[in-house]
Structures are given as structure tokens and as C-alpha cells.
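The values are calculated or read from the model by the stated rules, or taken from the named source; none is laboratory data. What you are looking at is a predicted structure, and each value in this text was computed from that prediction instead of being measured. Ligands, DNA and RNA are excluded from the accessible area calculation, which covers all protein heavy atoms including side chains. Shrake-Rupley method; radii C 1.70, N 1.55, O 1.52, S 1.80 Å.
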Amino acid sequence: MWSSSFLASPKLTLLPSSSSSSSSPAHPKIQTLLCFTQNPSSTVGINVSKRHLNISILTLLFNGGFLLDKAKSISESGDHLQRYTDSKDGFTLLVPSSWIKVEKAGANVLFEEPEKLSNNIGVVVSPVRIKSLQDFGSPQFVADKLINAEKRKESTKEAGVVSVGERSGQGHVYEFEYKIDSTRGGIKRVFSAAFVSSKKLYLLNVVHSDNPENPLDYSTRLLLEQVLHSFDALLLT
């Protein structure tokens, strides 16, 4: 579950950095850049500036089996995905049909799993000063800042990036996956995506429990990855 400090975080000021990456090929598949250690949690905070990116957005991995197992993941999970579109803020994504939309301060939209409310999917939209995340830095640069911010939290026992990637959508999307072991909620798997469109930063946070006694199962993981990869800006007409 997202912490109130993350959901109530102030508007972001995202400025360019000399660390920006070169543009990647316009290819819909994820370019996996790195696999690290592990670590989970449920929430993150974001504070981006020219000198410092203190970002608690969240994550990704484009699993090769994802494309082959879309139908299988839906049937095994007993759930199916439906399209959610926010025409006002200009984004769209898929969400599990059984998850409930709830109101939460600071979140543009938040969906919770009925049986376990700490499993959730949320989007935050904030104004920025750049046209693309590439103007700020590479996916790895953002991931390093993200995980360092998590490790500085008093509640974090352990944190580590699992995967870093990027893909092309209506804009350029960075995706991350990481795990956090926290005194608040135990071990969490976090999938996150971020992109900039029309001078707005869009952040998707997909959080799911991943404790050893009840680990994230294969079919649920694939379902959540579909949510992750569906997040995009609306096509301007």
C-alpha cells in the first residue's frame, strides 16, 4: 500500500541532467538493462530536481514468457483485465476486473485488491519542465536514485533493484522492478513505470505482497506485468 507521505507528496520539479541517455530505438519490446539483488515494500516517494532525483516510483521486468503466456495468466488467475482510461489527465492502463477503485489523497487513481488492500495499483500525475525522461537521465540513473531513496527510509530493512528497462509507447517509458523488506508491511514486490507527456510526469505503482510464506505466484506476476506494460499516454487526436 502506498504510504500517505508518497500520495501526498508535493508537485515535482524535474529538470534536465547531463546524465541523460541517448535515445533508444522505437521498438515496443522492453530493453532489459540490468538485474540486481532483491528487495520489497509497498510505497515510494518522489522528489526530482536538477541535482537530485529522490524518487520513490516503482518498477519492472519484461519477462520473455509474457508475450506467450498472456491468455494463460488470465485464465490461471481467475481474473481478467479491463481497460481504464483517464481522458482528463491523459493516460490509460489495464486493471484486474475484480480490483476496486478507491479514493486516496495525492493519487489520481488507485485500485485495491478486495481480499488484500495492501496489494494495489495507483497512478500519480505531476507537472514537470521537460519533454521526456530521457532529458533527465537513463533508466539506470533513475533506478539508482530510486533505490538509494528507499534505503534511506527508517522503515526499510533491505532494498534492491531486480530489473531496469525501457520501451516505446506514445512516449518513452521507463520501467522498474524491485523488492523491499520493510517494517511496514513486510516484503513487497513493486512494478513501476514512468513517462513524461505534455509537460507532465506520469507514475504507475503496482504493489504486491511477496513474503516467503506466501510468495507472488507465476500467474499473478504475469497479470501484474500486463498492467505494467499497458500503462501509456492517450493518443492525441
Rg (Å, one decimal) plus Dmax (Å, integer) for the alpha carbons of segment 136-237? 14.5, 48
Can you give me the accessible area per residue for segment 110-152, using a 1.4 Å probe, in Å²? 39 Å²
Roll a 1.4 angstrom probe over the protein heavy atoms and tell me the percent of accessible area of segment 81-232 that is carbon or sulfur. 45 percent
Rounded to the nearest 10 Å², what accessible area does LYS151 have for a 1.4 Å probe in the complete protein model? 120 Å²
